[in-house]
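Rule-based calculations on the coordinates, nothing more; no lab input. All values reported here derive from a predicted model rather than from experimental measurement. Cβ sites come from the backbone with ideal geometry, for glycine too, and all protein chains shown count toward neighbours.
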Amino acid sequence: MADQSTPASSVDIYALLSLRKNPDGTITRLASPVPEVPATGDGVDADVFTKDVPLNTANNISVRIYRPKNATKGSNLPLIIYFHGGGFILCSVASLPFNEVCIRMARELSAIIVSVDYRLAPEHRLPAAYDDGVEAVQWVKNQALDQSNGEPWLRDYIDFSKCFMMGGSAGANIVYYVAFRLWSLGLDQLQPVKISGLILHQPFVGGVQRKASELRKVDDPLVPYPSTDLMWELCLPIDTDRNHDYCNPMVKGLSESEIEALNSQSCLVCIGGEDPLLDHQKEFTKMLKGSGVKFVEFYDEKACHAVEFREPQKCEGLFKAYREFIY
């Protein structure tokens, strides 16, 4: 899957991803590249409470819920269903960077956050993460329908007609494809839940053709192209390449039903000028515009990939865009 004509990177890609490739081609996960933190419950001195709730024990899927301490019952807060990044192969809802981002969102956006712990590749290749995303949204619907036994942090605090799906990097890719799957099932099947908007933050998309932004950032500490190449190799269906639709939706373009799905709700796309994936993301937004998809774009020319946890002090504009989109 790698391009032979592109310059070599000095990054030890397996070490970067805390993986070891075995002689038989399988992968062994080493120590997590980022620390993990437990949920706090609501008995701590914190401005945001968190708790983990099982969703599908057979597939080991769960969610972590974030509730602002100052929220009151009946406050009708918006709900953000959040999908973390990690190239489909790394991290979880407990990973410190994503936990901190969700805490900040709950606090600054005055929202309840449901962060989805979806299955990872290569043990579970795509579309497993998309399937888990659909299941998470349907789980939210079930909480709304069960007024006596539903999850109280949702039932008592949110307005189910103000739900948003949001993801960063691979999480944004998940939001994009989950939106199509929900549309095909019929949005009326989600009632009383209404997905009011999609937030795609620095979507993880790519392609076989190497882009100038990738070459400029060949030694990016988080997503150099050798890293993203390996991520795609491990998460895409076997015997496919980076022009597969899950990686490169620009090849096939959008069908009429997919355009309808995206236009059935508001959409915010956020991209950064220092992101190695920038040129792929520009092609993605060009495809959306050319297909007549209505969306709001937030562009920060100085933002690196995953700026929300790598340089959180530089995210005032980003969070302002989130707030204006949600409210």
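Things worth noting here:
- Listed here are the helices (runs of 4 or more DSSP H) enclosed by the stretch 104-191 that have at least 2 residues being among the β-branched types (Val, Ile, Thr): 128-145, 170-185.
- The listed residues are Phe83, Phe88, Phe98, and the only one of them that is under 17 Å from the mean Cα position of the chain (by Cα) and either over 24 Å from Leu185 (Cβ atoms) or acidic (Asp, Glu) (or both) turns out to be Phe98.
- Residue in the stretch 67-74 that is in contact (Cβ under 8 Å) with a residue 12 or more places away in the chain and within 15 Å of the chain's Cα centre (by Cα) present: no
- Within the stretch 190-208, not a single residue is free of Cβ contacts under 8 Å to residues at least 12 places away in the same chain and either surrounded by fewer than 17 Cβ atoms within 10 Å (Cβ to Cβ) or among the acidic types (Asp, Glu) (or both).
- Segments classed as helices (runs of 4 or more DSSP H), wholly inside the stretch 237-327, with at least 3 members that are hydrophobic (A, V, I, L, M, F, W, C) and either within 17 Å of the chain's Cα centre (by Cα) or surrounded by 20 or more Cβ atoms within 10 Å (Cβ to Cβ) (or both): 278-290, 316-326
- From the options Asn22, Asn56, residue that is in contact with a helix residue (DSSP H, G or I) (Cβ under 8 Å, 6 or more places away or on another chain) and of a type outside the set (A, V, I, L, M, F, W, C): Asn56
- Across the stretch 15-47, the number of residues qualifying as over 30 Å from Leu109 (Cβ atoms) and crowded, with 16+ Cβ neighbours inside 10 Å comes to 4.
- Against the test of being of a type in the set (Phe, Trp, Tyr), in contact with an Asp or Glu (Cβ under 9 Å, 6 or more places away or on another chain) and surrounded by 17 or more Cβ atoms within 10 Å (Cβ to Cβ), the options Tyr157, Tyr225 yield a single qualifying residue, Tyr225.
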